[in-house]
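Report on the structure given below.
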Amino acid sequence: MTGAPGTAVVAAAPISPVRAAAARDAAAVLSEEASSASGLSDAEAAARLARFGPNAVRGHRARPWRVLGRQVRSPILILLFATAIVSAFVGQGTEALIIAVILVVSVGLGFVNEFRAEQAADALHDRLRHTSIVLRGGVRRSVDVTELVPGDLVVLSVGAVVPADLRLVEANGLECDESIVTGEAHAAAKSVAPVAAGAGVGDLSCCALMGTVVHAGGGTGVVVATGGSTEFGRIAVGLTAQQPQTEFQRGLGQFSTFLLLVAIILTTLIFVAALLLGRPLIESLLFSLAIAVGITPQLLPAVVSTSLAAGSRALARRRVLVKRMVCIEDLGDLDLLVTDKTGTLTTGRIVFDRSVPLDDVEADEVLLLGLLATDVDPAAPQTVGLNALDAALWQSEEAAAAPVSAYRRLDAVPFDHERRMAGALVAATGSAPIVVVKGAPESVLPLCAEVDASATAALQQLYAAGSRVIAIATRPAGGLTALTADDETGLTLRGYLAFVDGVKPDARASLERLAGLGVGVKIATGDSAVVAERVCTELGMPAAGTLTGEAVDALDDAQLAEAARAATIFARVSPEQKARIIRALRQKGRAVGFLGDGVNDALALHSADIGISVDSAVDVAKDAADVLLLDKDLDVLADGVTEGRRIFANTIKYVLMGTSSNFGNMFSASIASVILPFLPMLPGQILLNNLLYDSSQLAIPSDNVDAEQLAAPSHWDIGAIRRFMLLFGPISSLFDFATFGLMIFAFHAAPPEFRSGWFIESIATQTLIVFVIRTRRVPFLRSRASLPLAVSVLAVVAIGAWLPYSPLAGVLGFTPLPALFFLALVGLVLVYLVLVELAKVWYYARLSAPRAPEERRRAYPFRVARRAARFTTRSPRPS
Ligand SMILES: Nc1ncnc2c1ncn2[C@@H]1O[C@H](COP(=O)(O)OP(=O)(O)OP(=O)(O)O)[C@@H](O)[C@H]1O
Ligand SMILES: [Mg+2]
């Protein structure tokens, strides 16, 4: 805005809905939103959805025009097209028509492939549902987050992502990690008291912001803003304009720019040279532009997106679902996996083993007390949906005989992962109530009045046997009617309950496979160190040390980063500590994955580069994950890592092809055009050559990949690619010049013959080289190409050789060649392939020093994009 000095108009930034609501009373906001304590009615919610639009910050839908636009956006293509039109007017109608037809086919090829891949990505999106618990008409309902409207009452629990901007009407120990919106690393405590008007986004203690994660406690809030009107929505919408690029995409971008630059310089040079030599203007321009088109890797985006789409299908077949396409790349990058124990390394089928009573207690009594301290009403036992240990307790044979019905439950403090225990206030008919506490021995023993040496010895014995152990303690509670955590002191230890959960038979093999892939594995568990260490030993995992939750709390962030790298086991860690450990681990190395399935794993899943969960997991964990395994199995995960690396390896093949042979050929054509008195190939022929070459390359995503290329995290090394180009480009040119010599001196070829010969040689050398480049091993013998790739390459060579004999030969400017030429060609190609093979061996021995992958850390825009992905609708974003 330009205004005269002193008269500049400062538009007051409109205060966002959530900030306005924060300054008001909860009740006032509720009535303002025309909502009530029982939420909106279904009809009202539907009406508001129509009025406000979906709660989305992103739209996704493959739009053909966009994809097509990307294909024709290249300035070189436009220039070439324009020149062809001009040339049609100056009388070269056929040439122009040929060019136009080939260009249209090329663009169509890229378009079809990219569009299909986009549709696959769309289908992936459509399958995803992110839901929230909402109160509608007084009933708790799971509602798709995109269908939330202002006035809805949302229920929040630990691990959940806040689905919209909420004014809280109820908060119980609620804390939110708001770093995605405010950048503040520490979780913010929430309450319902209004804040001062004009408070900043970081100080809205009575609101929960969209996109933030519930770190502790729970609460209820009324939606005051959805979609783009939320604080997070504004950030996300602002960032859509500049989609964050992955390292891989950045690498590809650099590579394309590099080739484009080479193309521009080269073609300018040959064009100027042609003019200086007095060649016809239009023809020279067409020729140089065709060369430029030949050099630019037009199909690169199509190859990448086809690879990703094929990869996500291949993963789905192996029972791995990725939520977004980039997850595949992240999987390939994985170098550290932190996993929970139960169900991943152990069978997860927890079975009650026995009671270990202390002193004069009966074994049956310990079990009875244990049953009473589960989240089950003894009057009417209902055991569905219980936590695994509690379920095991109820399913035991002894439980059936336990006299639970003789007791009444007066109150209970349910199990929570921070305290690692549960309490109950129970009374037998006709006697005084007692407090029963059941939980991890490390939590319960300190609450007991005295614990004698025999009790600790018994515990050590159970641990040493590999059991999961729960301690039971009680105290008389005459007069107590309600139970709080404060009442759980001065207890008497009554005994232990031991459970078994055996090691998974195939876990060992899976761990070895992951180790072979260069992925380190660590365990984070709420269970005790002894039990975790024992599991490690049984699985043959090299245990480098254990870090307990207490030790984690004693370290600052820098110390934790060091210690966490060194340790193999994190034991007795709380959900919050798991998340902190993951964040610390992410400071070094490449991608850190976290695998978990419980409520207590959700925070860590959000913190990891790749959150991995399983189909059977609780909803918050599934919701937090980027990758879902249909089977809880490390082997399936190893498949995912392999697939990610396979895609990367195949894309690199395409890049190496483009930089070596293809580039070499275009380079020799440019040189020849200056040396020879005629064009070495007509512009249309160059484009046709390029089209044929490109179509053979489209099969690369299907190619087999050698095991050694999968052995380490994939990463981009532009320097290695440049060295590859400088070595293989000239070798290719050498053979082009040999062909030139052959055509001119041996066959005394006229221009049409020369062009035909060189066209065939060029197609053959350019495409067949893929058999050598695709592997580091001896081609054909030690490593085979996939059938589709082999067939398409050979078919393209055959088509090239047939063209001079085809009905199209005349139009395209080709003419048949003597039989002797083909004999010479076969010899030439064979020598070429052998030379390239030798150069390859030398290259991998000397020039491509295996560099340690660089560390990487994804920046803020990535985190926003990832969080925003859950707020997407199938239509474009409503503005
Ligand atoms: N229902 C329960 N009642 C009492 N104590 C329990 C109960 N469930 C678990 N515990 C105790 O809390 C500890 C931590 O359990 P939690 O479920 O947090 O572990 P976790 O991190 O999920 O472990 P894993 O890695 O094995 O999945 C258990 O080792 C046990 O001692
Ligand atoms: Mg668990």
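Bear in mind these aren't lab numbers, they're just calculated from the coordinates by the rules spelled out. Because the structure is predicted, anything quoted here is derived from the model rather than measured. Glycine gets a Cβ as well: all are built from the backbone with ideal geometry, and neighbour counts include every protein chain shown.
Couple of notes before you dig in:
- Segment 196-223 and segment 391-414 have Cα centres lying 39 Å from one another.
- Expressed per residue, the C-alpha convex hull volume of segment 176-280 stands at 170 Å³.
- For the chain, the Cα-based Rg and Dmax, in that order, read 34.1, 117 Å.
- Contact order normalised by residue count of segment 351-500, Cα under 8 Å, 6+ apart, percent: 29
- Taken about its Cα centre, segment 351-500 carries a charge dipole of roughly 160 debye when the Cβ of each Lys and Arg holds +1 and the Cβ of each Asp and Glu holds -1.
- Short-range pairs are left out: with C-alpha atoms under 8 Å and at least six residues apart, the relative contact order of segment 603-705 is 20 percent.
- Kirkwood hydrodynamic radius of segment 441-558, from inverse mean 1/r over distinct Cα pairs, in Å: 17.1
- Considering only alpha-carbon pairs that sit under 8 angstrom and 6 or more positions apart, the relative contact order computed for the chain is 14 percent.
- Subtracting the Cα-Cα distance of D553 and R116 from their residue separation scaled by 0.36 nm leaves 152.3 nm.
- Extreme residue, positive dipole direction of the chain, given options Y463, V500, I78 (C-beta unit charges): I78
- Three-way shape label, segment 292-375, alpha-carbon gyration tensor, a/c 1.5: prolate
- Taking a span of 20 Å or more along the helix axis (Cα atoms) and a mean Kyte-Doolittle hydropathy of at least 0.0 as the rule, the DSSP H helices of the chain that qualify are 75-89, 93-127, 247-276, 281-295, 300-317, 634-657, 718-741, 787-802, 819-842.
- This model, with +1 at the C-beta of Lys and Arg and -1 at the C-beta of Asp and Glu, gives segment 698-845 a dipole about its Cα centre of some 240 debye.
- For segment 430-509 and segment 607-682, distance of Cα centres in Å: 52
- Projecting the Cα positions of N387, L483, A402 onto the charge dipole of segment 351-500 (unit charges on Cβ atoms of Lys, Arg, Asp and Glu, taken about the Cα centre) puts N387 furthest along the positive direction.
- Put a dot 7 Å past the Cα of W65, heading toward its Cβ, do the same for A193, and the two dots end up 5.5 nm apart.
- Mean projection area, nm², convex hull over Cα of segment 351-500: 8.3
- For the chain: lysine pairs under 16 Å (alpha-carbon distance), excluding those fewer than 8 apart on one chain: 10
- Burial order of peptide ranges 68-79, 519-530 (average beta-carbon count within 10 Å, highest first): 519-530, 68-79
- Each label was represented as a point 7 Å from its Cα along the Cα-to-Cβ direction; for D631 and L277 these points are 6.4 nm apart.
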